[in-house]
Amino acid sequence: MATFQPLFWALFTMVVGVFGCVAYFWVSNMLLDRAFPARGAQAGRNILRANAIRPWLFLFPAIAILGVYLIYPVINSAWLSLHGSRGQEFVGLDNWRWMVGDDKFLESMVNNLLWLFVVPALATLFGLIAAAVTDRIRWGNLAKSLIFMPMAISFIGASVIWKFVYDYRGEGQEQIGILNAIVVGLGGEPQAWITIPFWNSFFLMLILVWIQTGFAMVILSAALRGIPEETIEAAVLDGATPLQVFWKIKVPQIWGTIAVVWTTITILVLKVFDIVLAMTNGQWGSQVLANLMFDWMFRGADFGRASAVAMVIMLLVTPIMIWNIRNARAEG
Amino acid sequence: MDGMAGTSSRVTWAVNLSAFILVVLWVLPTVGLLISSFRDRDQISASGWWTALSASEQNIQIRAAAPDEAQPEGSLWVIEGEVAEGGREVTAFGVNSRRPVEFAPGEVADRNGVAVTVTDTGAYRIAYPEKPEGSRGLRLFVTTVEPPRFTLENYETVLFSEGIGRSFLNTFTVTIPATVIPILIAAFAAYALAWMEFPGRALLIAVVVGLLVVPLQMALIPLLKLHNSIGIGKAYFGIWMAHTGFGLPLAIYLLRNYIAGLPKEVIESARVDGATDFDIFRRIVLPLSFPALASFAIFQFLWVWNDLLIATVFLGNNEDQLVMTGRLRELLGSRGGDWEILAASAFVSIAVPILVFFSMQRYLVRGLLAGSVKGG
């Protein structure tokens, strides 16, 4: 019974939650229709009034939750970043000043910038190549599924998978990690890949590239198929090789989509946390902002500093946010 | 494009080959761990997983039964036994540590008058000319070939004694409500933003688009403080709400885009017939939006199932609340070298999302194409 209690509660709450949501929408609509009946002497005015209120009935739960769970935290984090470790006393810009002089923070900034450049670039490039080749082969759908599959795997699961790839045994022992086995097979010396300062970050980045390539491939493949045939035919008639057609005719026509893929992965990279936590926990010079924030929140128990680090991540995302909003408004 | 036959077949060949290489590279890491999860501890650390499908040669050293146990047989005293538990083929044996592969199976080795033989099925026979004494058996050196061998033991271990089974239930408890609740709330909001006229609509849409990219890190501390102050700091209800909050922007964005694209005539004519917005939503919009609802449901399901950060912050570390990603992380720390445990645990946690992924891929792709503003 003890085992199934949470499951029971989950079912119970699910039913209550779903029923509660439905009931809210149902009852509030009914009340509105009662208050402003669409008949009688004032029918016209009542309909107008009901129509003015109804959107807000529909929107209320969403606005309330967005307000509490996303808007309030942004404001509160900004406020906390100016306060001490428990958020009590005002310390001005102390946390920010500490941050600028902190070695781990600087290391995280440098690593994050590397991640920001390498992961979107490689994932987009591999995604583009994967899209181009899988669109032209008979078993393309199967190939796409297999390359896309890591998307379904959790970062932590992916970390376990790749830790096994990077596994290291002392020299002379049988290598069970495939990377070291290949290196030894080629006559090299086995390496403990994830403990080599600076380069280890790249081995961690590879994990995210592995996960995100499928995403890039799916989006870019749709874009490539949307290119008008005439442009390609014209180029082929002019004697362009398949490679030239791809890089000079097709790719320039999907720059917009490439930008969307790039920015989407960029946002994800800024939040990357699980991989670093699982693989190195920020040791050997591989720290990143999201994990540094987590570190200060739990191990450091300093909400002020943790909030200041979180604000930095927010500031880095802001240009993309503004760009997205402007695009969305331009579309209507 | 198929102008010259020669070039085109070479291109086809190159394209197929590069696709094949890409697929192999992408699948290999997962396959390696998957195969390892079916091997036992000793096999994993003795040889790479890529050798798992071929027979492996092993040199083992055993001690035969004690001479005291020898039985008389004619004029000889004989000890018989097995060098290894069944199924292993012996390719060579020896009685001297410096020459462990001196004899082929079936040959008789003479060791100071004692005749030793090992058959290819692993049975040994030691014949002494006189009644031997002592409790230390003779050392035998045997080379065996082990056929590929796979086991389900690792899965049994992690499911029933490493707590993964329990974590599996916990993960379900988190995931299902955290997937259903945001869909309902978002669907109504999306309909209002798509088809109802009211002041501030454009602004609200812009806010939703902006909130799509707010990093989770921003929300952790303020919400943890909030949850603690109202007493849901480490409770399932808290994490459901948190996932609902973080999932809503994408849900509203995806659903609004889809619902706004529904044919105008259908909705207008229903209005003319006197249907209220609530009826229109319930009877027309909701059924028509099924593909978009499914897309978001898959997103949210995968995201919640795979999440580690929110679960670590908003749930406890105890048996009742530890989800699978948290358990995996713990195992990585405490049993970092026990690959048989790690591999099996990882695949238990990966199995459900992979299943969902392959069965609902169509909707997932559609959702990605519609909402590629957010990165999950």
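The values are calculated or read from the model by the stated rules, or taken from the named source; none is laboratory data. Treat the numbers as computed from the prediction; the structure is a model and nothing was measured. Glycine gets a Cβ as well: all are built from the backbone with ideal geometry, and neighbour counts include every protein chain shown. Surface accessibility is based on the protein's heavy atoms, side chains included, excluding ligands, DNA and RNA. Shrake-Rupley method; radii C 1.70, N 1.55, O 1.52, S 1.80 Å.
The criterion of at least 3 residues that are of a type in the set (Val, Ile, Thr) is met by the following helices (runs of 4 or more DSSP H) wholly inside region B:255-359: B:264-272, B:309-314, B:339-359.
The rows are residues; the columns are (1) modelled with pLDDT of 85 or more; (2) closer than 24 Å to B:THR173 by Cα; (3) more than 8 Å from chain B (Cβ to nearest Cβ).
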| residue | (1), (2), (3) |
| --- | --- |
| A:LEU7 | no, yes, no |
| A:PHE12 | no, yes, yes |
| A:VAL15 | no, yes, yes |
| A:ALA23 | yes, yes, yes |
| A:PRO37 | no, no, yes |
| A:GLN42 | no, no, yes |
| A:ARG45 | no, no, yes |
| A:ARG49 | no, no, yes |
| A:ILE65 | yes, yes, no |
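Scanning region A:132-154 for residues that are facing chain B (nearest Cβ under 7 Å) and more than 16 Å from B:LEU355 (Cα to Cα) yields A:VAL133, A:THR134, A:ARG136, A:ILE137, A:ALA143. Among the residues of region B:183-196, none qualifies, meaning not one is surrounded by fewer than 24 Cβ atoms within 10 Å (Cβ to Cβ), at negative phi and not hydrophobic (A, V, I, L, M, F, W, C). Going by the structure shown, is B:GLY274 on the phi > 0 side of the Ramachandran plot and at the interface with chain A (Cβ under 9 Å from one of its Cβ atoms)? Spelling it out, B:GLY274 is indeed on the phi > 0 side of the Ramachandran plot and at the interface with chain A (Cβ under 9 Å from one of its Cβ atoms). With respect to the stated conditions, A:ILE227 is assigned by TED's automatic domain parsing to the domain that holds A:ALA123, of a type in the set (A, V, I, L, M), out of contact with any Leu (no Cβ under 7 Å at 6 or more places or on another chain) and not in a helix (DSSP H, G or I).
Checked against (1) within 20 Å of A:SER286 (Cβ to Cβ); (2) open to solvent by less than 10 Å² (accessible area, probe 1.4 Å), A:THR213 meets all criteria but (1). Among the residues of region A:301-317, the ones that are touching a residue at least 12 places away in the same chain (Cβ under 8 Å) and either open to solvent by 10 Å² or more (accessible area, probe 1.4 Å) or in a loop (DSSP other than H, G, I, E, B) (or both) come to 8 in all. Of B:ARG283, B:ARG271, all but one fail to be in contact with an Asp or Glu (Cβ under 9 Å, 6 or more places away or on another chain) and open to solvent by 40 Å² or more (accessible area, probe 1.4 Å); the exception is B:ARG271. Apart from one condition, A:TRP284 fits all of (1) more than 7 Å from every other protein chain (Cβ to nearest Cβ); (2) part of a helix (DSSP H, G or I); (3) open to solvent by 20 Å² or more (accessible area, probe 1.4 Å); the exception is (2). Restricting region B:97-113 to residues that are under 18 Å from B:GLN61 (Cβ atoms) and over 46 Å from the mean Cα position of the chain (by Cα) leaves a set whose member that is most open to solvent (accessible area, probe 1.4 Å) is B:ARG111. Of note, B:GLU162 satisfies the criterion of being within 17 Å of the chain's Cα centre (by Cα), outside any helix (DSSP H, G or I) and touching a residue at least 24 places away in the same chain (Cβ under 8 Å).
Might you let me know whether region B:35-42 holds any residue that is farther than 30 Å from A:GLY157 by Cα, of a type in the set (Gly, Ala, Ser) and modelled with pLDDT of 80 or more? Scanning region B:35-42, I find no residue that is farther than 30 Å from A:GLY157 by Cα, of a type in the set (Gly, Ala, Ser) and modelled with pLDDT of 80 or more, so the answer is no. Looking only at residues in region B:295-304 that are open to solvent by 10 Å² or more (accessible area, probe 1.4 Å) and over 29 Å from B:SER229 (Cβ atoms), which one is nearest to the chain's Cα centre (by Cα)? It comes out as B:LEU302. For region A:216-236, a residue qualifies if it is among the β-branched types (Val, Ile, Thr) and either surrounded by fewer than 21 Cβ atoms within 10 Å (Cβ to Cβ) or away from every other protein chain (no Cβ under 11 Å) (or both), and the qualifying residues are A:ILE227, A:THR231, A:ILE232, A:VAL236. Among the residues making up region B:197-251, those that are part of a loop (DSSP other than H, G, I, E, B), within 26 Å of A:GLY87 (Cβ to Cβ) and facing another protein chain (nearest Cβ under 7 Å) are B:VAL213, B:VAL214, B:PRO215.
Here A:VAL272 fulfils each of the conditions (1) in a loop (DSSP other than H, G, I, E, B); (2) at the interface with chain B (Cβ under 8 Å from one of its Cβ atoms); (3) not small (Gly, Ala, Ser) apart from (2). For region A:40-50, does any single residue satisfy the condition of being out of contact with any strand residue (DSSP E or B) (no Cβ under 8 Å at 6 or more places or on another chain), closer than 27 Å to B:ILE205 by Cβ and either exposed (fewer than 15 other Cβ atoms within 10 Å of the Cβ) or of a type in the set (Ser, Thr, Tyr) (or both)? Yes; the residues of region A:40-50 include at least one that is out of contact with any strand residue (DSSP E or B) (no Cβ under 8 Å at 6 or more places or on another chain), closer than 27 Å to B:ILE205 by Cβ and either exposed (fewer than 15 other Cβ atoms within 10 Å of the Cβ) or of a type in the set (Ser, Thr, Tyr) (or both).
Scanning region B:140-164 for residues that are surrounded by 14 or more Cβ atoms within 10 Å (Cβ to Cβ), more than 30 Å from B:THR91 (Cβ to Cβ) and either at pLDDT below 80 or not aromatic (Phe, Trp, Tyr) (or both) yields B:THR157, B:VAL158, B:LEU159, B:GLU162, B:GLY163, B:ILE164. Report yes if A:ALA192 is surrounded by 16 or more Cβ atoms within 10 Å (Cβ to Cβ) and assigned by TED's automatic domain parsing to the domain that holds A:VAL288, otherwise no. Spelling it out, it is not the case that A:ALA192 is surrounded by 16 or more Cβ atoms within 10 Å (Cβ to Cβ) and assigned by TED's automatic domain parsing to the domain that holds A:VAL288.
Do we have A:ASN76 as facing chain B (nearest Cβ under 10 Å) and either under 28 Å from the mean Cα position of the chain (by Cα) or modelled with pLDDT of 85 or more (or both) here? Criteria met by A:ASN76.
Listed by first and then second residue, the pairs linking a residue in region B:101-122 that is more than 17 Å from B:ILE79 (Cβ to Cβ) and in the same structural domain as B:GLU80 (by TED's automatic domain parsing) to a residue that is assigned to a loop (DSSP other than H, G, I, E, B) and among the hydroxyl-bearing types (Ser, Thr, Tyr), with Cβ atoms under 7 Å apart and 6 or more places separating them unless they lie on different chains, are B:PRO105/B:THR119; B:GLY106/B:THR119.
Of all residues in region A:294-311, exactly one satisfies the criterion of being within 11 Å of chain B (Cβ to nearest Cβ) and under 25 Å from A:ILE196 (Cβ atoms), namely A:PHE294. Take the conditions assigned to a helix (DSSP H, G or I), closer than 29 Å to B:GLY247 by Cα and touching a helix residue (DSSP H, G or I) at 6+ places or on another chain (Cβ under 6 Å) and apply them to A:VAL22. Does it pass? Against the criterion (assigned to a helix (DSSP H, G or I), closer than 29 Å to B:GLY247 by Cα and touching a helix residue (DSSP H, G or I) at 6+ places or on another chain (Cβ under 6 Å)), A:VAL22 does not qualify. Put simply, of B:LEU332, B:LEU315 the only residue that is open to solvent by less than 20 Å² (accessible area, probe 1.4 Å), closer than 22 Å to B:ARG166 by Cβ, more than 10 Å from chain A (Cβ to nearest Cβ) and not β-branched (Val, Ile, Thr) is B:LEU315.
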